[in-house]
1. Charges only on Cβ, +1 for Lys and Arg, -1 for Asp and Glu: so what's the dipole of segment 8-358 about the Cα centre, in debye to the nearest 20?
2. What FRET efficiency do you get for Asp76 and Thr308 if R0 is 30 Å and r is their Cβ-Cβ distance, rounded to the nearest 0.05?
3. From zero outward in steps of 5 Å, how is the percent of C-alpha pairs of segment 164-318 spread across the bins?
4. What is the spin-label model distance, in nm, from Gln87 to Ala156 if the labels are put 7 Å beyond Cα along the C-beta direction?
5. Would you compute, from DSSP H runs of 4+ residues alone, the mean residue ellipticity of the chain at 222 nm, taking -39500 (n - 2.57) per run and dividing by the full residue count, rounded to the nearest 500?
6. Enter the Cα centre distance for the pair segment 176-201 and segment 41-99, rounded to the nearest angstrom.
7. Per 10 Å bin from zero, what fraction in whole % of the C-alpha pairs of the chain is there, up to the bin with the longest pair?
8. Quick check: residue separation of Val13 and Lys350 times 0.36 nm, minus the Cα distance between them. What number comes out in nm?
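Derivation of every value follows stated rules applied to the coordinates shown; laboratory data play no part. Keep in mind that what you see is a predicted model, and the values were worked out from it rather than measured. Virtual Cβ from ideal backbone geometry, glycine too; neighbours counted across all protein chains shown.
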Amino acid sequence: MSHLFSSLKLKDVTLKNRIGVSPMCQYSSVDGVANNWHLVQLGSRAVGGAGLIIAEATAVTPEGRITPGCAGLWNDAQVEALLPITQFQIQHGAVPGIQIAHAGRKGSAAVPWEGGKHLRNDEGGYDVISPGNEPFDSDGIRLWKTPRMMDKTDIARIQTAFVDAAKRSLAAGYKLLEVHGAHGYLLHSWFSPLVNKRTDEYGGSLRNRARMMLETVEKVREVWPENLPLAVRLSVSDWDENGLSVEDNIQMAIWLKERGVDIIDCSSGGASEASRSSIGNKIGEQVGMAGQIRKGADIMTMAVGTITTAEQAEQIIATEQADIALLAREMLRDPYWPYHAAKQMGIDTKGLIPIQNSTFVG
Ligand SMILES: Cc1cc2nc3c(=O)[nH]c(=O)nc-3n(C[C@H](O)[C@H](O)[C@H](O)COP(=O)(O)O)c2cc1C
């Protein structure tokens, strides 16, 4: 029996297998609105057999976008554009998920194929915000913008924006909601001592630094239906002795679980220029941390990071390191990765891929 191809019930949602597409920015929206690119990119992963597809970091406010090309959910036109995409995914057997996010001081960047550096406001960039007023990069070249230090009004505004985006995610047809609490973006930057140097009740101790994330998630949980799963992506290590450890994140996962979070998506890095990027991990190291969070906080996890083969993904589920294996770059190489993995493992592909295809190919 395959563990990878067994179904998973998350609240009232059932995934047909444990294979998920990890959220990936497409840098292809105009004014945060999705288009045919997103339909084909996300839709083809549904046709390829993935049980879960998590749409890219989707900004809760315009200045919360990583780049001007990033997706958003701050208005109803954005909802309208996403609806046909989620309907297509559901029709073809995938569960549509979405990651809602605020980029914090890493926002206002050029898209990667245009260099990824901060854009001046007269180049299409925008002002950035953070728990403090230190820029991400000290070299003055890459992510050089000095953020405005958030006050209590900003905190309330951003938390409301997350709540509104959660409501819009539901209206857009999503069945799993993920709050982005990783990679040095806004919520992670409140939690990480590498960024948050505040002296008020939102800074200092672990509990104080967790406050922004916990309050935001608590408010989101109030509007995201009880019967649908809520996930949070964490950077479970800052890869820096002065930063967040796995133990800190086990505590965070316990706090999140107490607030109704169902599953933790375990990524890492991204908090500061010195800490590692979220895609630089070696095979297995990040996956192992998903196992630590799963055991330590007694909560379901998603593992991600350099998962490329069927054996590897099967092993992750079989050894209970995670409940879902997420793939990012390998899904770009092969949208049919789940189908190919099933073939390789000798699993019946009927019901995995749409009938239009499975009628003619085994
Ligand atoms: C093109 C691209 C875009 C990404 N965008 C996001 C994103 O929107 N949100 C997020 O949490 N991670 C994002 N990531 C990180 C991936 O979700 C994943 O965690 C990382 O690539 C490691 O998985 P992999 O080794 O399977 O690629 C992105 C990665 C890539 C390659």
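1. 360
2. On the way: r = 39 Å, r/R0 = 1.30.
The value I calculate is 0.15.
3. 2, 10, 19, 21, 20, 15, 9, 3, 1, 0
4. Taking the two extended label points, one gets 3.9 nm.
5. Estimated from H runs of four or more residues: -10500 deg cm²/dmol.
6. Segment 176-201 and segment 41-99 have Cα centres separated by 23 Å.
7. Per 10 Å bin, starting at zero, the Cα-Cα P(r) for the chain comes out as 6, 27, 36, 24, 7, 1, 0 percent.
8. Working: separation 337, 0.36 × 337 = 121.32 nm, distance 2.05 nm.
That pair, Val13 and Lys350, stretches by 119.3 nm at full extension.
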